[in-house]
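Everything below concerns the one structure shown next.
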Amino acid sequence: MSLIKKKSKHNVKDTMNKFEALVKSKDMTVFARINHRVNAANVDLEMNDAEVLIFGNPKGGTLIMKKDAAAALDLPLRVAVYADDAGEVFISYHDQHGLGAIYDVADVPVLGVVTEALGGLTNAVIS
């Protein structure tokens with residue numbers, strides 16, 4: 001599965017706030033938001049800002065998992081927003097077409113819809 005990485009014009013928190021709000025506005029479920037920097041600080045470690053949003057729409061994900069339940073290892077969807085050492089901020093996610101190469105789901109029509117939706121959502125928040 002390949003990684004899609006896009007540069008954001010906003011800081012990590014603002015990028016993730018925008019992304020989470022957009023996901024919710026599309027009636028998707030947000031399952032968790034993880035702040036890795038805070039978690040690292042809780043054990044006396046330091047790292048750059050990095051957050052992950054776990055989200056999805058059971059209407060789409062269930063169709064994929066019904067075809068191959070092992071796809072649950074990669075669902076729900078996840079998007080990472082993080083700053084690199086130079087302070088540049090990126091939003092990254094796995095190309096969902098890659099699920100077809102790992103699991104027996106290449107022929108599930110919703111897979112293309114999910115991939116296109118991720119592209120549109122991420123493009124909307126980085127500008």
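Each row is one residue, and each column tells you yes or no for (1) modelled with pLDDT of 95 or more; (2) under 15 Å from T122 (Cβ atoms); (3) β-branched (V, I, T); (4) open to solvent by less than 30 Å² (accessible area, probe 1.4 Å).
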position	(1), (2), (3), (4)
R78	yes, yes, no, no
E88	yes, no, no, no
I91	yes, yes, yes, yes
D95	no, yes, no, no
I102	no, no, yes, no
| field | Qualifying residue in the stretch 29-38 (condition: at pLDDT 95 or above and out of contact with any strand residue (DSSP E or B) (no Cβ under 8 Å at 6 or more places or on another chain)) | value | yes
| message | Is it the case, given these coordinates, that V43 is more than 26 Å from V105 (Cβ to Cβ), in a strand (DSSP E or B) and either touching a residue at least 60 places away in the same chain (Cβ under 8 Å) or β-branched (V, I, T) (or both)? | response | no
| query | Among the residues of the stretch 72-79, is any within 15 Å of K6 (Cα to Cα) and not aliphatic (A, V, I, L, M)? | reply | yes
| task | Could you look through the stretch 31-65, keep only residues that are small (G, A, S) and within 19 Å of V114 (Cβ to Cβ), and pick out the one that is most open to solvent (accessible area, probe 1.4 Å)? | result | A32
| message | Cβ-Cβ under 8 Å, sequence separation 6+ or interchain: first residue in the stretch 63-83 and touching a residue at least 12 places away in the same chain (Cβ under 8 Å) and under 15 Å from E20 (Cα atoms), partner acidic (D, E) and part of a strand (DSSP E or B). Which pairs? | response | A80/E51; V81/E51; Y82/E51
| List the pairs whose first member sits in the stretch 1-30 and is open to solvent by 90 Å² or more (accessible area, probe 1.4 Å), whose second member is not β-branched (V, I, T), and whose Cβ atoms are under 6 Å apart, counting only residues at least 6 apart or on separate chains? | L3/S92; K5/F90; K5/S92; K7/F90
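The values are calculated or read from the model by the stated rules, or taken from the named source; none is laboratory data. Since the model is a prediction, treat every value here as computed from it, not as a measurement. Reconstructed Cβ throughout: ideal geometry from the backbone, glycine too, with neighbour counts over all protein chains shown. The protein model used for the area step is the full one, side chains on, heavy atoms only, and it has no ligands, DNA or RNA in it. Shrake-Rupley method; radii C 1.70, N 1.55, O 1.52, S 1.80 Å.
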